[in-house]
Amino acid sequence: MTAPAADPYLPGRPDGDLDVDRYELELDYRVATNRLEGRAQVYATAVRATVRVSLELQHRLRVTQVLVDGSRPDRWTHRGGLLVLKLKHEMAAGTQLVIDVRYSGQPAPVRGPWGEVGWEELTDGVIVAGQPDGAPSWFPCHDSPADKAAYRFTVTVEAGYEVVANGRLVSRSPRAGRVRWEYEQTEPMAPYLATLQIGRYLRVPTGPREEVLVPARLREAAEHDLGRQTEMIALFEELFGPYPFAAYTVVVTDDDLEIPLEAQGLSVFGANHMDGRRGSERLVAHELAHQWFGNSLTVGLWRDIWLHEGFACYAEWLWSEASGGRTAQEQARAAHTRLAGLPQDLVIGDPGPDAMFDDRLYKRGALALHALRTSLGDETFFRLVRTWTARYRHGTVSTKEFVVCAELESDRPVAALLDPWLLQKDLPPWGAG
Ligand SMILES: [Zn+2]
């Protein structure tokens, strides 16, 4: 048990009085009116002696009752997106507690430095895309990527919709025009990767572990455009190690989406990403790769996000080469030429909150990995990647840990090679490293 450090990219967030072990969410939702009645049971451990603990929950949702281990706390307040509980007695570090929160309202995305994130109504349904700070848009949580927990989602909605949350579908019980869906996510998960998808979808199996949820009108295009995912998983398992979860679901929304979205065990694409000509296959590979890099291995602090996006972008290049497109070397060369013509004012190892999702970070992260691969050779590089994903499977990672892992695996001064890519603004020349 470690106290997750406060993330300087998320000012004003609780700095971790709690380490959450498990969330049990019971949600009753009306699609027609976007009305949510929720109950969250948060099983947690105190990381320090304290009389005050807090969770985040957006202010649009009204808290109606709070219990700690079955009885009322001394007092609680819910202001500015923070639910703060004052306990009756100080808890010693290591004390386990259950916080039971009942709440209701009309959820909406949270607004922050990254625009609107989290719960979002579609024309006829819901998507939740919590990266990086949107989890409190729909449940009370300790919204730190370092605080992974197990989840159970019990969601009741009108009949006629498919409902997907993370993990395994445990039960589905129709009752009086409504359906109760229960999902269990046993592998530890960061709150921002928790999701709920509701829509009028067909559920189509597309591989041994894969399924697609798609509106009927887009089924043919989606089956074609996602038709090589089984091959992609096979390639990535060979290069990166075993697929980290039990299954992989893709949701295609009836609405257009600006960008695809990742969650643990699933990805979400917009209708616009399914053109029937695999026009977005690059993104299909990218989102799939996040299951290893981002979801199984998750950064503890957002400044290390290149460990998610650099790997996911590099996976696009690896898939391109394996599927008969441009080679990784050609892709890297083209990306380097493009970056050389853009402003070099970004340190991808600590880009600042505004540049976390800057495309230059994605490309330069992939270039850093390509430089490392070129220097170490394929055998050592991919062995290192597999060691990395095995050692930190379902865990929390940092750039420092990656460098240490790489130096141990290769017996080479990897920091000297990577530092100019990660910690300096000027783009290293092509072939550096
Ligand atoms: Zn990504």
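The values are calculated or read from the model by the stated rules, or taken from the named source; none is laboratory data. All figures in this text were calculated on a predicted structure; none of them were measured in a lab. When we count neighbours, we look across all protein chains shown, and the Cβ atoms used for this are built from the backbone with ideal geometry, even at glycine.
Tabulated values for the structure
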{"item": "Conditions (1) charged (D, E, K, R); (2) assigned to a strand (DSSP E or B); (3) crowded, with 24+ Cβ neighbours inside 10 Å: number failed by Arg172", "result": "(3)"}
{"item": "Meets criteria (in contact with a strand residue (DSSP E or B) (Cβ under 7 Å, 6 or more places away or on another chain) and within 24 Å of Leu346 (Cα to Cα)) for Val403", "result": "no"}
{"item": "Single unsatisfied condition, Thr50 versus (1) surrounded by fewer than 20 Cβ atoms within 10 Å (Cβ to Cβ); (2) within 22 Å of Val251 (Cβ to Cβ); (3) touching a residue at least 12 places away in the same chain (Cβ under 8 Å)", "result": "(2)"}
{"item": "Among residues of the range 362-381, those that are away from the ligand (no atom under 16 Å from the Cβ) and of a type in the set (Lys, Arg), counted", "result": "1"}
{"item": "Qualifying position, being closer than 18 Å to His308 by Cβ, free of Cβ contacts under 8 Å to residues at least 60 places away in the same chain, more than 16 Å from the ligand (Cβ to nearest atom) and not assigned by TED's automatic domain parsing to the domain that holds Gly112, among Leu384, Leu346", "result": "Leu384"}
{"item": "Cross-chain or 6+ apart pairs with Cβ under 6 Å, the range 287-309 first and free of Cβ contacts under 8 Å to residues at least 24 places away in the same chain, then part of a loop (DSSP other than H, G, I, E, B) and within 11 Å of the ligand (Cβ to nearest atom)", "result": "His308/Gly294"}
{"item": "The range 249-268, subset closer than 22 Å to Gln185 by Cβ and either without any contact (Cβ under 8 Å) to a residue 40 or more places away in the chain or more than 20 Å from the chain's Cα centre (by Cα) (or both), residue farthest from the ligand (Cβ to nearest atom)", "result": "Ser267"}
{"item": "Enumeration of residues in the range 299-336 that are of a type in the set (A, V, I, L, M, F, W, C) and away from the ligand (no atom under 16 Å from the Cβ)", "result": "Leu301, Ala322, Ala328, Ala332, Ala334"}
{"item": "Residue in the range 221-233 that is away from the ligand (no atom under 13 Å from the Cβ) and under 23 Å from Pro136 (Cα atoms) present", "result": "no"}
{"item": "Per-region count, the range 278-298, residues outside any helix (DSSP H, G or I), over 17 Å from Leu369 (Cα atoms) and either within 11 Å of the ligand (Cβ to nearest atom) or of a type outside the set (Ser, Thr, Tyr) (or both)", "result": "4"}
{"item": "Conditions (1) surrounded by fewer than 20 Cβ atoms within 10 Å (Cβ to Cβ); (2) more than 27 Å from Thr64 (Cα to Cα); (3) touching a strand residue (DSSP E or B) at 6+ places or on another chain (Cβ under 6 Å); number of the one not met by Gly167", "result": "(1)"}
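Residue-by-condition table, conditions (1) touching a Cys at 6+ places or on another chain (Cβ under 9 Å); (2) under 29 Å from Pro188 (Cβ atoms):
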site: Thr374; (1), (2): no, no
site: Trp388; (1), (2): yes, yes
site: Lys400; (1), (2): no, yes
site: Cys405; (1), (2): no, yes
site: Leu418; (1), (2): no, yes
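This table checks each residue for (1) over 16 Å from the mean Cα position of the chain (by Cα); (2) part of a loop (DSSP other than H, G, I, E, B); (3) surrounded by 15 or more Cβ atoms within 10 Å (Cβ to Cβ).
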| site | (1), (2), (3) |
| --- | --- |
| Gln65 | yes, no, no |
| Trp76 | yes, no, yes |
| Leu83 | yes, no, yes |
| Asp100 | yes, no, yes |
| Ala108 | yes, yes, yes |
| Gly118 | no, no, yes |
| Ile127 | no, no, yes |
| Pro132 | no, yes, yes |
| Tyr151 | no, no, yes |
